[in-house]
Amino acid sequence: MARIATIDKKEELAPEFHNIYDAIAQSRGVVGGPFLALLHSPELAWRTAHLGSYVRFESSLDHKLIELTALAAARELDCKHEWAAHVNHAQKAGIPLETIQAIHQRKGPEHFSSDDAQIISYVRELLRSRRASETTFQALYGRLGERGLVELTATIGYYAMLACTLNAFDVFTAPAPDDLKI
């Protein structure tokens, strides 16, 4: 159960914020997850949704790479909701179940393809030590270039922010498969 009241319906907001609720619903199909808490600050919720729309749907990064990043960040931060939501998104994006299971089990880089290991290592390094090793950084810089690496880093930050919100307020609306729960 959430630690604060969640905002589940538009009518729970002051009328001047109904347009924000509607915009979030339109962009995602539903108002759920972190927005149930973030809507206590409607302007923050709107700005978060706007950033999320760029990260998820407009970024120069490949969709599969975005989902891999979201999964790795959710697992590193033990965020039940983001993990559960992105297990489904990742499978739809073509990430093999074996890769998802390896992230879930926090397996080392040798258990991933070279490209996936670079992303997972970068996520883990940033979230564990707040820095990336020179080896990991240079490998991704060579692969993604400056824009791609900036967008990858911001994607990690975006999912970390959502995980902090969801974890702090114990908001959980997406169930994970029994064998992949955290």
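Structure data summary
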item	result
Qualifying positions in segment 138-182 - in a helix (DSSP H, G or I) and hydroxyl-bearing (Ser, Thr, Tyr)	Tyr141, Thr153, Thr155, Tyr158, Tyr159, Thr165
All positions within segment 62-80 that are surrounded by 17 or more Cβ atoms within 10 Å (Cβ to Cβ) and within 24 Å of Met1 (Cα to Cα)	Ala70, Leu71, Ala73, Ala74, Arg75, Glu76, Leu77, Cys79, Lys80
Yes/no for Tyr122 being aromatic (Phe, Trp, Tyr), touching a helix residue (DSSP H, G or I) at 6+ places or on another chain (Cβ under 8 Å), closer than 30 Å to Asp8 by Cα and not assigned by TED's automatic domain parsing to the domain that holds Thr48	no
Criterion: over 15 Å from the mean Cα position of the chain (by Cα) and of a type in the set (Phe, Trp, Tyr) - qualifying residue of Phe17, Phe35, Phe57	Phe17
Single condition Cys164 does not satisfy, out of (1) at pLDDT below 95; (2) within 22 Å of His50 (Cα to Cα)	(1)
All positions within segment 50-77 that are under 23 Å from Ala102 (Cβ atoms), in contact (Cβ under 8 Å) with a residue 24 or more places away in the chain and part of a loop (DSSP other than H, G, I, E, B)	Leu61, Leu77
Residue list for segment 28-43, filter: part of a helix (DSSP H, G or I) and surrounded by 15 or more Cβ atoms within 10 Å (Cβ to Cβ)	Arg28, Phe35, Leu36, Ala37, Leu38, Pro42
Meets criteria (in a helix (DSSP H, G or I), in contact (Cβ under 8 Å) with a residue 60 or more places away in the chain and of a type outside the set (Lys, Arg)) for Gln101	yes
Selection within segment 81-117 - buried (at least 21 other Cβ atoms within 10 Å of the Cβ) and not aliphatic (A, V, I, L, M)	His81, Glu82, Trp83, His86
Whichever residue in segment 2-27 is assigned to a helix (DSSP H, G or I) and β-branched (Val, Ile, Thr) and, among such residues, is surrounded by the most Cβ atoms within 10 Å (Cβ to Cβ)	Ile24
Near pairs, Cβ below 8 angstrom, 6+ apart or cross-chain, from segment 115-135 (under 13 Å from Leu149 (Cβ atoms)) to any residue that is acidic (Asp, Glu)	Val123/Glu76; Ala132/Glu125
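The values are calculated or read from the model by the stated rules, or taken from the named source; none is laboratory data. Here the structure is a predicted model, which is why all the values come from computation and not from measurement. Ideal geometry is used to build each Cβ from the backbone, glycine not excepted, and the neighbour counts take in all protein chains shown.
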